[in-house]
1. Name the pairs: first residue in segment 11-36 and in contact (Cβ under 8 Å) with a residue 40 or more places away in the chain, second residue part of a loop (DSSP other than H, G, I, E, B), Cβ to Cβ under 6 Å, at least 6 apart or on different chains?
2. Go through segment 17-51 residue by residue and tally those that are among the charged types (D, E, K, R) and closer than 19 Å to Ala91 by Cβ.
3. So, Trp72, is that one in contact with a Leu (Cβ under 6 Å, 6 or more places away or on another chain), more than 24 Å from Glu155 (Cα to Cα) and in contact (Cβ under 8 Å) with a residue 24 or more places away in the chain or not?
4. Can you report the number of residues in segment 33-64 which are surrounded by 14 or more Cβ atoms within 10 Å (Cβ to Cβ), over 23 Å from Leu170 (Cα atoms) and not acidic (Asp, Glu)?
5. Give me the pairs, please: first residue somewhere in segment 37-52 and within 21 Å of Ser24 (Cα to Cα), second residue anywhere and at pLDDT 85 or above and of a type in the set (Gly, Ala, Ser), beta-carbon distance under 7 Å, and either six or more positions apart or on two chains.
6. Restricting attention to segment 103-129, and to residues there that are under 22 Å from Val173 (Cβ atoms) and among the polar types (S, T, N, Q), which single residue is surrounded by the fewest Cβ atoms within 10 Å (Cβ to Cβ)?
7. Taking the criterion of being basic (Lys, Arg), surrounded by fewer than 22 Cβ atoms within 10 Å (Cβ to Cβ) and free of Cβ contacts under 8 Å to residues at least 60 places away in the same chain, would at least one residue in segment 76-92 satisfy it?
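The values are calculated or read from the model by the stated rules, or taken from the named source; none is laboratory data. Please read all numbers here as calculations on a predicted model, not as lab measurements. Methodologically, a virtual Cβ is constructed for each residue, glycine included, from the backbone with ideal geometry; neighbour enumeration extends over all protein chains shown.
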Amino acid sequence: MYSDCEDVYDHWFEMMFRIESVGSNDPDDPGGWTQYGITERTLRDWLDISPGEPTPEISYQSAKHLYKANVWDKLLSLRLHPLAHWFTADAVVNHGYRKAIELLQGGHSSLIADGDWGPNSRRAHASYDTQALIFLFCQRYRENRVKFYFDIIDERPKSRKFIEGWMNRLFKVVEGAWQAGLINPPMAVLEHHTSEPANG
């Protein structure tokens, strides 16, 4: 089963809209000004806007179309489990494509998280074919992403102000997958906390 269903994408985008809302422009966020979570640089690239031309404001429907074409559909070639596709699409928005693939690989104990989705990654992912293994992937993925958020804070202490929002994001991503019928996890996976991962 792969994530090429329109109804799955509709659920994902509604979740994304709840996370990102319409716009943001925090001076401490390296991404700068965003619309629906899309940075100005990314939006100009997706719309192929020439230098010197103004960046347009986009509508809800435009954002939905752009995300499907440039995030959701781009991942279809990886042939991911629907839950992994759901998580990875959000990570592409939040961290960029390569880091999103590294986080995806990090959910599999046998893989090196190098950002290149090759034959070894495909085989390892295809072997996660039971609910128990998918649940294990979900746990590992969440732990790795929390660790990455604190790595960002170590490198850029000003970003600590965003940690509650980042943890809320992870909670909403897992909750959204549950609501979309992609997973039926124990409450441990839906646990909502902001604790820093232990060292070692």
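1. His11/Ala180; Glu20/Tyr36; Glu20/Gly37
2. The total comes to 5.
3. Spelling it out, it is not the case that Trp72 is in contact with a Leu (Cβ under 6 Å, 6 or more places away or on another chain), more than 24 Å from Glu155 (Cα to Cα) and in contact (Cβ under 8 Å) with a residue 24 or more places away in the chain.
4. Number satisfying all stated conditions: 7.
5. Ile38/Ala63
6. Looking at the filtered set, the residue picked out is Ser109.
7. no
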